[in-house]
Amino acid sequence: MEDLKKKIREVPDFPKPGILFYDLTTLLKDREGLRQVIDLLTQEFEGKKIDKVVGIESRGFIFAPAIAYNLNAGLVLVRKKGKLPAESISAPYALEYGEDVLEMHKDAIERDEQVLIVDDLIATGGTAAATVQMVLQLGGKVVALAFIVELGSLKGREKLIGLEVFSILTY
């Protein structure tokens, strides 16, 4: 996994002073790195019944479609407030550098569907917890949450107690 870590650029003081941003664009441009990440995430959930893969805006949109395709599942997008065109549900969340609201189409998940939630990174767990809340509100069942990077010191897993959390890399 160290080879994958070397492909991720660390950008200090972005988006504001004191934040160390893990820029996955350097991993994405590397064909072997991109393939390895998609394969690892897919392999982790092969054999589990996944009806929908939920991608969280915006970098979750990069990984979720490939994983959904590989798992023969549908794809659901979770967006920031005001970006979805049809009737939506919402959940507020706090992150390490501010607050926002996430939304999901009201008809995106059907009762008892098995859901995998995907994002590029888990930090404080705010966006992940808000997404879990919306999936449950619609009657879905969260099978697991999957991330490329986990910032362990920010303890995002603590907002996801009782749920399976898989991350490829931990900083």
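Where a number appears in this text, it was derived from the coordinates with a stated rule and is not lab data. Here the structure is a predicted model, which is why all the values come from computation and not from measurement. Here the Cβ is made from the backbone with ideal geometry for all residues, glycine too, and neighbour counts use every protein chain on show.
Data for the structure
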{"item": "Model label zone, residue 10; criterion: amide N under 16 Å from point 7 Å along Cα-to-beta-carbon; scope region 120-163", "result": "149-154"}
{"item": "Charge tally in the Cβ shell below 11 Å around residue 59, where Lys, Arg are +1 and Asp, Glu are -1, residue 59 excluded", "result": "-4"}
{"item": "Magnitude of the charge dipole, region 45-171, Cβ model with Lys/Arg +1 and Asp/Glu -1, debye to 20", "result": "20"}
{"item": "Amide H within-cut-off set for residue 54, under 5 Å, with H built and near neighbours excluded", "result": "76, 116, 117, 118"}
{"item": "Span from the region 111-171 Cα centroid across to the region 24-82 one, whole angstrom", "result": "13"}
{"item": "Rounded, prolate or oblate (a/c below 1.5 giving rounded, otherwise prolate when a/b exceeds b/c) for region 84-154 by Cα gyration tensor", "result": "oblate"}
{"item": "Aspartates and glutamates whose Cα lies under 19 Å from that of residue 155, excluding same-chain neighbours fewer than 8 positions away", "result": "96, 99, 119, 120, 164"}
{"item": "Proximal lysines relative to residue 81, as straight alpha-carbon distance under 19 Å, when same-chain residues fewer than 8 apart are discounted", "result": "106"}
{"item": "Positive-end residue of 53, 19, 42, charge dipole of region 1-79 with Cβ unit charges", "result": "53"}
{"item": "Bridge type composition, region 48-170 - antiparallel percent by DSSP, nearest 5", "result": "30"}
{"item": "10 Å beta-carbon shell around residue 139, net charge (K/R +1, D/E -1)", "result": "-1"}
{"item": "The chain, helix-only ellipticity at 222 nm - DSSP H runs n ≥ 4, -39,500 (n - 2.57), divided by all residues, nearest 500", "result": "-7500 deg cm²/dmol"}
